1. Being in contact with a strand residue (DSSP E or B) (Cβ under 6 Å, 6 or more places away or on another chain), modelled with pLDDT of 95 or more, within 28 Å of Asp29 (Cβ to Cβ) and surrounded by 18 or more Cβ atoms within 10 Å (Cβ to Cβ): is that true of Leu222 here?
2. Could you check Arg291 against (1) under 29 Å from the mean Cα position of the chain (by Cα); (2) surrounded by fewer than 12 Cβ atoms within 10 Å (Cβ to Cβ); (3) at pLDDT below 95 and say which number it fails?
3. Which residue, of Pro272, Pro195, is in contact (Cβ under 8 Å) with a residue 40 or more places away in the chain and either in a loop (DSSP other than H, G, I, E, B) or closer than 17 Å to Ala162 by Cβ (or both)?
4. Quick one: how many residues across segment 245-266 are within 30 Å of the chain's Cα centre (by Cα) and surrounded by 14 or more Cβ atoms within 10 Å (Cβ to Cβ)?
5. Note down all Cβ pairs under 7 Å where the first residue falls in segment 2-20 and is assigned to a strand (DSSP E or B), the second is not hydrophobic (A, V, I, L, M, F, W, C), and they're at least six residues apart or on different chains.
6. What residue, among those in segment 343-368 that are in contact with an Asp or Glu (Cβ under 8 Å, 6 or more places away or on another chain) and surrounded by fewer than 20 Cβ atoms within 10 Å (Cβ to Cβ), is nearest to Ala397 (Cα to Cα)?
7. Scan (1) modelled with pLDDT under 95; (2) open to solvent by 50 Å² or more (accessible area, probe 1.4 Å); (3) farther than 18 Å from Arg440 by Cα for the single condition Pro390 breaks and write down its number.
8. Enumerate the helices (runs of 4 or more DSSP H) found wholly within segment 53-162, keeping only those where 3 or more residues are more than 20 Å from Ala281 (Cα to Cα).
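The values are calculated or read from the model by the stated rules, or taken from the named source; none is laboratory data. Worth saying up front: this structure is predicted, and the values here are computed from it rather than measured. Don't worry about glycine lacking a Cβ; one is built from the backbone with ideal geometry, like all the others, and counts go over all protein chains shown. Ligands, DNA and RNA are excluded from the accessible area calculation, which covers all protein heavy atoms including side chains. Shrake-Rupley method; radii C 1.70, N 1.55, O 1.52, S 1.80 Å.
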Amino acid sequence: MFGQSPQWVLADGVPIADALVLSHPEQCDRLRAACPEAAPTAVLAGDPCFDRALAARPYRERFRRALGVRAGQRLIVLNSTWNPASFFGDGGAGGDDLLPALLPRLAGEFPVDEYRFAAVLHPNIWHGHGPGQVRAWLDRARRRGLVLIDPLEGWRQALVAADAVVGDHGSVTFYAAALGTPVLLAAAPLHELDPGAPISDFMRVAPRLDPGAPLREQIDRLLEHHRPLPGPAEYTTSVPGEAAVRLRSLFYSMMGAAEPEWAASLEPLPLPGHEPVSVTAPLHVLTRVTRPGEVSVTRWAGSPPSAEYAGGDAHIAVHEDTRDVDGLELADVVFRDGRPDDPRFGSPAVWTAEVLHRHRGCALAAFTVGPSECVVRPRGGRLLGLTSPPEASVDPAAAASALHALLGAGGAGHDVMAERLLALLDDGGFTVRSGARSVRVRVTGPPAG
């Protein structure tokens, strides 16, 4: 029994610890059965890690914004523990490693404006293979929008922010279920677990991922039909919110000192730095002008399902920093992000003009200057500002693709495009539909300077 067998808790037949902190009476019972000699050292003191996550839940939206999750987007966390039967390994079934094999499919099945993916990998994966190797393995997925979470300092915040977790038999997946987050098991090697442990019960009843079936349908079904399982929350800690008080009391009693007069507390989970969405792989964009001044935009970082093309127009949008440099010559929309006063780019006006001169096939250049704002220049047109409400913003690059679709719908010539642009300016903007969301984008004339 990992962590509670004699080889873990005894040295020469004597307990290695004066106090062994456990979070639930069930663990005390299992310690008593596995190693009676260590049972007197058991102290029921809760779980400070889980208590910090519970205390952070009121700030969930802040953690989501830090990870670049927009209103209406779903954050899916991919979690793996570190052994060969894990999600990052072969799941115990042999053959290809599961997570690396699934990553390319995520780009083709999940539109980037509706889903955000983050990966939480066990520290032993990072240290066993080396950070350089892990990043190299996941490089293509990162260019398609996957964010890698710090394995020591950021995983709790990611769980608080998550809409769903796809994981395995590691503790992070169990913590997610204890928080009430929908969990889909990509790997569940029951033969490696104590059959009497709560995590084994959880593995037997939690929904399973079918790697051979469409992934998006499984995620959407999980979110629609989720009902929290009582086991993980019940067995993670029997004294939620009490870990700080109990641990401090234990520590001071062991030192033979009086406790301070002030209340015991845990350090709140820190708000991570902003992790902006950075998709530098070429984006396949499908647009449908649903009515005057309104356009539906769906973007994929991989080849989208062919059925999605019915009844719509398609174009390619590419970040200027892409490593797929050939894509720039095929791009209808070229975009980048940066500070408007960055001297390296001159200004958004200078940069957009340079892009249209350099890439003759490009119809529109867009310089993103903030989470909800960009400066665009259509070919042969004037410099414009696009802005959406900060509280319900759309990715400025998606707004740029929507403008491109509106101006050129039906193969419009230059004169028609000019008329449409004037109409948008008169109306004050246009509406972008992305998934189930509709966002009004304001169009303004050339920004000052």
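1. no
2. (1)
3. The match here is Pro272.
4. Initial filter on segment 245-266 (within 30 Å of the chain's Cα centre (by Cα)): 265-266.
Now restrict to residues that are surrounded by 14 or more Cβ atoms within 10 Å (Cβ to Cβ): 266.
The total comes to 1.
5. Short answer, once both residue conditions are applied: Leu10/Glu37; Pro15/Glu37; Pro15/Thr41; Leu20/Thr41.
6. Of segment 343-368, the ones in contact with an Asp or Glu (Cβ under 8 Å, 6 or more places away or on another chain) are 346-347, 355, 359, 361-364, 367-368.
Keeping just the survivors that are surrounded by fewer than 20 Cβ atoms within 10 Å (Cβ to Cβ) gives 346-347, 359, 361, 363.
Numbers: Gly346: 20, Ser347: 17, His359: 18, Gly361: 18, Ala363: 14 Å.
Ranking the candidates gives Ala363 first.
7. Only one criterion is unmet by Pro390, namely (3).
8. Working: elements: 60-66, 98-109, 123-129, 131-137, 139-143, 155-161.
Once the helices (runs of 4 or more DSSP H) in segment 53-162 are filtered for at least 3 residues that are more than 20 Å from Ala281 (Cα to Cα), what remains is 60-66, 123-129, 131-137, 155-161.
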